[in-house]
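Structure first, commentary second.
The values are calculated or read from the model by the stated rules, or taken from the named source; none is laboratory data. In this text, all values refer to a predicted model and were calculated from it rather than measured experimentally. Using ideal geometry, Cβ is built from the backbone for each residue, glycine included, and neighbour counts are taken over all protein chains shown. The accessibility values were calculated without ligands, DNA or RNA, using every heavy atom of the protein model including side chains. Shrake-Rupley method; radii C 1.70, N 1.55, O 1.52, S 1.80 Å.
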Amino acid sequence: MPASTAAKPLIAPSILSADFARLADEIGTVESGGADWLHVDVMDGHFVPNLTIGPPVVASVHKVARVPLDVHLMITDPLRYAKDYAQAGAHVLTFHAEVAAGAKAREVIRAFRGAGVAKVGVALNPSTVPETIGDLLGEIDLVLVMSVFPGFGGQRFMPEVLPKIAWLRAHGFDGLVEMDGGINADTAPACAQAGCQVFVAGSAVFGAKDRAGAIANLRRLSARN
Ligand code: DX5
Ligand code: ZN
């Protein structure tokens, strides 16, 4: 089994569900609660109907964060902003397959690597088949499988996306598979069984009274057995 397939689960709270007026404190609570990564949702009001944060905010988050930033670009033009988000401190930088396939996707991957990010990811919307990125699997470090339609936190998990993980493994992908959207104590076990390693959770962590408890519970439920 490749090393990454056997790796321990990573819990990545999404700051989309945090109180942005108190962001440093909010980040502190999930870091001391055991978060492995911080998931940062970037939306441009074009690829998705919502607007969130730009590079200066990511740079500020990077200054206070002690864990790696997992930056999920839900934007139409990832090439244009590659350098900005890389310099802002993205450890993982993920773009969507729906905005760049084939040669254009390769150009984005090259730009992300050239800008110095540690890990390059590609995200799949629920309606995008994994075949779309079949020719890129040897060039990326992470596949983010969306288990809701992107744009908002707090939506219901879509179990029908789970077979995408088996497809990726069957086609030789041995990098990290991340699941994003509607992950909570009820849905995490099925993701773990399907082979997911990175668990994004917004409302299930930031909405919990006991955030450390919520993270510990997700970690326990995310272990493959
Ligand atoms: C949705 C975002 C998710 C979102 C997850 O477009 O990509 O990262 O924050 O939030 P929950 O866990 O509440 O579904
Ligand atoms: Zn996300």
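Here are some residues: GLY54, GLY28, GLY116. Which one is out of contact with any Ser or Thr (no Cβ under 9 Å at 6 or more places or on another chain) and on the phi > 0 side of the Ramachandran plot?
Answer to the selection: GLY116.
Among the residues of region 176-208, write down those that are under 11 Å from the mean Cα position of the chain (by Cα) and either among the charged types (D, E, K, R) or away from ligand 2 (no atom under 16 Å from the Cβ) (or both).
Selection gives GLU178, ASP180.
Among the residues of region 150-185, write down those that are among the aromatic types (Phe, Trp, Tyr) and either in contact with a Pro (Cβ under 7 Å, 6 or more places away or on another chain) or open to solvent by 50 Å² or more (accessible area, probe 1.4 Å) (or both).
Answer for region 150-185, where residues must be among the aromatic types (Phe, Trp, Tyr) and either in contact with a Pro (Cβ under 7 Å, 6 or more places away or on another chain) or open to solvent by 50 Å² or more (accessible area, probe 1.4 Å) (or both): PHE152, TRP167.
Within 25 Å of SER222 (Cα to Cα) and either among the hydrophobic types (A, V, I, L, M, F, W, C) or within 14 Å of ligand 1 (Cβ to nearest atom) (or both) - does that describe any residue in region 102-117?
No, region 102-117 contains no residue that is within 25 Å of SER222 (Cα to Cα) and either among the hydrophobic types (A, V, I, L, M, F, W, C) or within 14 Å of ligand 1 (Cβ to nearest atom) (or both).
Let me confirm something: among ALA214, ALA194, which residue is at pLDDT 95 or above, within 16 Å of ligand 1 (Cβ to nearest atom) and open to solvent by less than 60 Å² (accessible area, probe 1.4 Å)?
Unique residue meeting the criteria: ALA214.
Would you be able to say whether some residue in region 78-86 is away from ligand 2 (no atom under 14 Å from the Cβ), among the hydroxyl-bearing types (Ser, Thr, Tyr) and farther than 24 Å from SER17 by Cβ?
Taking every residue of region 78-86 in turn, none turns out to be away from ligand 2 (no atom under 14 Å from the Cβ), among the hydroxyl-bearing types (Ser, Thr, Tyr) and farther than 24 Å from SER17 by Cβ.
Residues ALA82, ALA59: which one is farther than 26 Å from ASP25 by Cα, over 15 Å from the mean Cα position of the chain (by Cα) and more than 16 Å from ligand 1 (Cβ to nearest atom)?
Just one listed residue meets the conditions, ALA82.
Can you list the helices (runs of 4 or more DSSP H) lying wholly within region 1-113 that have 1 or more residues being aliphatic (A, V, I, L, M), open to solvent by less than 60 Å² (accessible area, probe 1.4 Å) and touching a helix residue (DSSP H, G or I) at 6+ places or on another chain (Cβ under 6 Å)?
So the answer is 23-32, 55-64, 78-88.
Here is a check on your reading of the model: is LEU144 over 22 Å from ASP41 (Cα atoms), of a type outside the set (Asp, Glu) and within 18 Å of the chain's Cα centre (by Cα)?
For LEU144, the condition - over 22 Å from ASP41 (Cα atoms), of a type outside the set (Asp, Glu) and within 18 Å of the chain's Cα centre (by Cα) - is not met.
So which residues in region 28-53 are more than 16 Å from ligand 2 (Cβ to nearest atom) and of a type outside the set (S, T, N, Q), if there are any at all?
GLY28, GLU31, GLY33, GLY34, HIS46
For region 134-149, which positions are open to solvent by 20 Å² or more (accessible area, probe 1.4 Å) and in contact with a strand residue (DSSP E or B) (Cβ under 7 Å, 6 or more places away or on another chain)?
Result: ASP141, single match.
Return the residues of region 114-161 that are under 19 Å from GLY175 (Cα atoms) and part of a helix (DSSP H, G or I); say none if nothing qualifies.
PRO130, GLU131, THR132, ILE133, GLY134, ASP135, LEU136, LEU137, GLY138, GLU139, VAL161
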